[in-house]
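Asker: Here you go, one structure.
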Amino acid sequence: MASLNVYSVLVVLFLSCGAVMATKENDQIIKKNNCETKMGLPCVLEAFTTILEAGSISNKCFGELVVLGKVCHSALVKRTLENPIFKDLSATTIIAKSIQTWNNCLALIDSPSPST
């Protein structure tokens, strides 16, 4: 029975260390790529409102999101999900919405504009 308790403690420690390492990894990616300086605040708010709640992103912000890059986009979303404020949100749903938002931006940027 004691070995079960030791095993449980080890599992908790392992998971805790993994969460701390994930946070540090996201912070390193964000810092290394200057992610927080690549998008204007209005577009950041627009993108996160779309991902965390509902709504749509303007063409201007689609462009800024693509310039931000997928690595930064993913790291910022993951770091946001680590914030206790968002603990009640489904990480799986939010990550899926962030991927969908990213793909929508790419599709819009890659599609030819209609001629006038």
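Asker: Consider ALA54 carefully, then state whether it is within 21 Å of LYS24 (Cα to Cα), surrounded by fewer than 17 Cβ atoms within 10 Å (Cβ to Cβ) and of a type in the set (A, V, I, L, M, F, W, C). Write out each step before concluding.
Answerer: Numbers: within 21 Å of LYS24 (Cα to Cα): no; surrounded by fewer than 17 Cβ atoms within 10 Å (Cβ to Cβ): yes; of a type in the set (A, V, I, L, M, F, W, C): yes.
Taking the combined requirement at face value, the residue does not satisfy it.
Asker: Please indicate, with yes or no, whether at least one residue in region 79-90 is among the hydrophobic types (A, V, I, L, M, F, W, C), at negative phi and touching a Phe, Trp or Tyr at 6+ places or on another chain (Cβ under 8 Å).
Answerer: At the first step, the residues of region 79-90 found to be among the hydrophobic types (A, V, I, L, M, F, W, C) are 81, 85-86, 89.
Subset that is at negative phi: 81, 85-86, 89.
Checking which are touching a Phe, Trp or Tyr at 6+ places or on another chain (Cβ under 8 Å) leaves us with none.
Taking every residue of region 79-90 in turn, none turns out to be among the hydrophobic types (A, V, I, L, M, F, W, C), at negative phi and touching a Phe, Trp or Tyr at 6+ places or on another chain (Cβ under 8 Å).
Asker: Kindly provide the set of residues from region 23-36 that are at pLDDT 90 or above and exposed (fewer than 12 other Cβ atoms within 10 Å of the Cβ), ordered by number.
Answerer: Across region 23-36, the qualifying residues are GLN28, LYS31, LYS32, ASN34.
Asker: Now, a different point. Where the second residue is of a type in the set (Gly, Ala, Ser) and the first is in a loop (DSSP other than H, G, I, E, B) and lies in region 46-69, which pairs have Cβ atoms under 9 Å and are six or more apart or on separate chains?
Answerer: Close Cβ pairs satisfying both conditions: ILE57/ALA47.
Asker: Search region 89-107 for residues that are in contact (Cβ under 8 Å) with a residue 24 or more places away in the chain and within 12 Å of ALA47 (Cα to Cα) and pair each with any residue that is surrounded by 14 or more Cβ atoms within 10 Å (Cβ to Cβ) and small (Gly, Ala, Ser) when their beta-carbon atoms are under 7 Å apart and the residues are at least 6 apart or on different chains.
Answerer: Correct list of pairs: THR101/ALA47.
The values are calculated or read from the model by the stated rules, or taken from the named source; none is laboratory data. Bear in mind that the values here come from a model prediction, so they are computed numbers and not experimental data. Every residue, glycine among them, receives a Cβ derived from its backbone with ideal geometry; neighbour counts consider all protein chains shown.
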